[in-house]
Amino acid sequence: MDTFTQIVLSGLTLGAMYALSAIGLSLVWGSLNMLNMAHGALLTLGGYASFAAITQMGLPLFAGLLGAMAVGLLVGLAIYAAVVRFMLTDPAFETNIIVASFGLAIILENVILKLFGAYPFTQPFALKSGLYIGAVHMPYQNLFIIVGSAALMMATAWVITNTRMGRAIRATAQNREGAELMGVSVNLVFAQVLAIGGMLAAVSGVMLSSITTLAPTMGYDPMLKAFIIVVIAGLGNTMGALYAAFILALFEVSVQYMLGVRFGFPALLLLVIIALIWRPDGVFMKPKAQRQ
Amino acid sequence: MAGKIRTPSDIARETLENAGRRRFFGKAAAMGVGGLAGSAALLASINDGAKAQGEPIKVGGAVPITGWAAADGIEFQRGLEFACEDINAMGGILGRPLEPVFEDTKEQGADNLIPAIQRLIDRHGVHAIINGYNTGAVCAEYDTVADAGILYIHHNTDIVHHDTVKNNAERYFGIFMGDPAEYWYGEGLLKFLNGLGEKGLWTRPNDKIAIVTGSQNYSVVIAGAIRDNAEKYGWKTSLFETVVVPISEWGPTLAKIREDPPAVIAVTHWVPQDLAQFMIQFVPQPTDSLVYMQYGPSLAAFREIGKEAVNGVLYSTVVASLQDEFGNAYNNRYKEKYGASASPLVAAQPYDSCSYWAIAGALAGGTGGPGEEAQNRKVASRLRNMIYRGTLGTTRWFIPEQAATPYPDATNDPSLGMPHQYLQIEDHTKVPGLIAPSPYETATFKMPPWIKA
């Protein structure tokens with residue numbers, strides 16, 4: 001029973017990490033058809049912003065989280081102002097932005113490297129202690145990120161579905177020219193989404209680094225996992241990404257236990273391939289009606 | 001020699017003041033001073049009072065200044081700079097000062113290392129390349145160095161070096177691995193564990209050893225060496241688990257360990273933050289097992305991240321500055337220069353290598369740049385025959401492999417091998433104690449706090 005509990009708790013923790021990784025990417029990619037390769041660097045930036053606020057500036061813990069949100073929001077806006085707005089009208093925007101944002105990721109990573117060095121740090125924004133479920137120890141911080149990741153995903157989905165801004169974002173995602181003809185300011189939508197995406201990525205980075213470690217390259221692995229989660233859930237399906245994150249993580253951890261840790265990720269990829277053959281637009285997307 | 005730390009200039013001056021050149025060798029042997037030791041003073045003596053003021057000799061470092069290993073890369077850079085400063089204070093190499101130059105190997109691997117080495121040769125005309133480690137190239141860079149005919153000393157801790165150099169010793173005459181291969185971690189651990197039992201310091205609850213390895217070749221070789229030799233030393237491998245790195249969620253691996261508790265858990269993955277996470281997740285629900293790790297815990301980040309959870313961890317390293325008179329004097333001077341958070345034990349790799357290369361160069365009558373192979377063959381010949389006592393302990397070469405010999409794994413004589421150091425973290429806020437091998441110990445083994453029996 002303890003082993004089963006351990007596997008479930010590990011799966012939930014890993015799922016929360018995957019969900020956190022995917023939130024900002026899902027929003028930006030799903031809403032704007034913009035694969036933001038700087039997403040991993042934004043996660044890292046958020047983690048370091050919190051570290052700097054708490055450890056170097058002596059601010060309280062939650063000020064660290066707010067500081068990270070502010071930095072993420074500003075950098076998201078800066079990405080729009082410095083890069084995206086100049087490329088929006090290009091017919092090859094969706095391809096060009098992949099290369100451009102990859103360049104941004106390299107710049108951001110090296111700025112972090114220059115400012116903080118490569119030495120790994122612990123994230124001070126972390127709860128102490130934990131509780132025992134049977135004989136299995138569960139740190140409060142892990143519980144916090146499980147709840148936090150679900151709350152962030154649900155809040156993002158609610159904003160997209162139920163607010164005026166969300167409607168504008170969805171309209172832009174469906175047909176940019178059409179949205180413009182209806183009076184939606186596409187430039188404003190892009191700026192808003194990149195700012196919110198940057199902020200969400202920064203919060204995720206704080207939470208992720210609280211149970212891993214702060215390092216300039218910490219965003220690489222979450223970026224890869226986020227890509228997989230968003231694709232399998234279906235572009236723009238935020239709640240689907242939440243489900244996908246936990247389902248895939250529980251599957252991966254089960255395989256790790258039963259077959260060996262090294263088989264976990266390959267098995268996950270195999271599952272993703274099968275799922276995408278079955279539902280090419282994403283497991284949680286409604287199949288598109290096709291005229292015969 | 002406690003008290004004031006003596007600088008290279010102090011030693012050079014005293015050497016020249018107190019000893020005539022003919023009397024020097026006998027005196028130098030008895031010196032054992034200030035972390036620079038007789039061997040450094042030997043260089044001052046060969047230089048015969050010359051000041052380092054001629055045309056500079058460029059010495060290159062191909063080091064990961066950015067990328068995931070940058071924390072170590074920065075120390076490698078500092079270590080080479082520190083060595084050059086010390087050597088220059090003693091007259092450089094026959095009056096020619098050393099000038100360190102660096103190229104970034106970023107994420108390492110052959111695709112980054114070979115161009116970096118090529119630039120050091122073509123752009124800077126270095127006489128030698130002296131590195132810490134670069135992973136992933138697996139000797140692919142050797143031909144670039146061999147074509148230039150210069151010396152190359154690295155610390156890649158790679159068993160592939162042995163056969164590569166042995167099988168083509170003529171071509172790779174100038175390539176040396178300044179530390180023992182990773183293979184020795186494996187067999188060395190089994191000897192160490194049995195030694196604990198023989199000394200009555202620990203009674204193993206069973207004969208099981210659980211081996212957890214990372215996916216990199218380095219970790220796999222070590223894990224394989226433990227598994228392949230386990231039976232010979234009376235052990236049974238109860239778990240052989242390969243994890244994909246980076247890894248922060250150790251739940252499935254720990255579940256298996258807890259189902260069948262072993263006497264020893266040997267983790268051969270080496271990234272400090274991943275290892276710290278292992279301990280953080282192990283300690284709340286431990287088994288009565290010793291936990292052994294390698295290399296990663298020697299970096300301060302492991303203790304800073306793991307905090308109390310890492311108290312009791314055993315680890316070893318085949319290459320680090322010692323906690324003895326030589327090592328401490330060097331460690332203190334290094335920290336004085338680069339700050340308390342600097343890591344002298346990592347920087348000691350290029351520091352020692354540059355020191356013995358400079359001595360070999362001086363003994364050979366000078367070093368050669370790219371294309372001056374004949375002169376560099378003389379330098380390599382001097383180096384091959386040298387036994388050097390530095391901050392890392394003794395460097396003596398396997399011949400023809402040109403790799404450092406480990407003690408006690410491959411020799412029983414501490415004066416003929418580089419100590420494979422076993423350390424234990426007793427208090428995460430303090431420097432770990434060196435518990436083996438003799439005669440270098442500074443502490444004794446203590447039962448880890450999670451073992452209550």
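The values are calculated or read from the model by the stated rules, or taken from the named source; none is laboratory data. All figures in this text were calculated on a predicted structure; none of them were measured in a lab. Heads up, the Cβs are rebuilt from the backbone with ideal geometry, glycines too, and the neighbour counts pull from every protein chain shown.
With respect to (1) part of a loop (DSSP other than H, G, I, E, B); (2) within 14 Å of chain B (Cβ to nearest Cβ); (3) within 22 Å of A:MET199 (Cβ to Cβ), the lone exception for A:ILE146 is condition (1). Under the condition of being at negative phi and either modelled with pLDDT under 90 or at the interface with chain B (Cβ under 7 Å from one of its Cβ atoms) (or both), the residues counted in region A:131-141 number 3. Scanning region A:254-268 for residues that are part of a helix (DSSP H, G or I), under 11 Å from B:VAL244 (Cβ atoms) and at the interface with chain B (Cβ under 8 Å from one of its Cβ atoms) gives A:GLN256, A:VAL261, A:ARG262, A:GLY264, A:PHE265.
Within region A:111-129, the set of residues being within 12 Å of chain B (Cβ to nearest Cβ), touching a residue at least 12 places away in the same chain (Cβ under 8 Å) and part of a helix (DSSP H, G or I) comprises A:ILE112, A:LEU113, A:PHE116. Quick check: is even one residue across region A:159-173 within 14 Å of another protein chain (Cβ to nearest Cβ) and not polar (S, T, N, Q)? No, because not a single residue in region A:159-173 is within 14 Å of another protein chain (Cβ to nearest Cβ) and not polar (S, T, N, Q). For region B:281-288, the count of residues that are within 12 Å of another protein chain (Cβ to nearest Cβ), modelled with pLDDT under 95, surrounded by fewer than 24 Cβ atoms within 10 Å (Cβ to Cβ) and touching a His at 6+ places or on another chain (Cβ under 6 Å) is nonzero. The single residue among B:LEU239, B:LEU275 that is in contact with a Lys or Arg (Cβ under 9 Å, 6 or more places away or on another chain) and either surrounded by fewer than 22 Cβ atoms within 10 Å (Cβ to Cβ) or within 25 Å of B:ALA436 (Cβ to Cβ) (or both) turns out to be B:LEU239. Of everything listed in (1) in a helix (DSSP H, G or I); (2) within 14 Å of another protein chain (Cβ to nearest Cβ), the single unmet condition for B:GLU249 is (1). Restricting the search to strands (runs of 3 or more DSSP E) fully inside region B:39-148 and requiring at least 2 residues that are assigned by TED's automatic domain parsing to the domain that holds B:PRO272, modelled with pLDDT under 95 and within 20 Å of the chain's Cα centre (by Cα) gives an empty result.
Might you let me know whether region B:213-222 holds any residue that is surrounded by fewer than 19 Cβ atoms within 10 Å (Cβ to Cβ), at pLDDT 95 or above, touching an Asp or Glu at 6+ places or on another chain (Cβ under 9 Å) and within 27 Å of A:GLN256 (Cα to Cα)? No. Of the helices (runs of 4 or more DSSP H) lying entirely inside region A:1-88, the ones with 3 or more residues being away from chain B (no Cβ under 14 Å) and surrounded by fewer than 17 Cβ atoms within 10 Å (Cβ to Cβ) are found at A:61-79. State whether one or more residues within region A:106-122 are at pLDDT below 95, among the acidic types (Asp, Glu) and crowded, with 21+ Cβ neighbours inside 10 Å. For region A:106-122, residues at pLDDT below 95, among the acidic types (Asp, Glu) and crowded, with 21+ Cβ neighbours inside 10 Å: present.
The selection criterion, being more than 9 Å from every other protein chain (Cβ to nearest Cβ), surrounded by fewer than 22 Cβ atoms within 10 Å (Cβ to Cβ), touching a strand residue (DSSP E or B) at 6+ places or on another chain (Cβ under 7 Å) and in contact (Cβ under 8 Å) with a residue 40 or more places away in the chain, does not hold for B:ASP228. Of everything listed in (1) surrounded by 24 or more Cβ atoms within 10 Å (Cβ to Cβ); (2) more than 8 Å from chain A (Cβ to nearest Cβ); (3) of a type outside the set (Lys, Arg); (4) closer than 19 Å to B:VAL431 by Cβ, the single unmet condition for B:GLY312 is (1).
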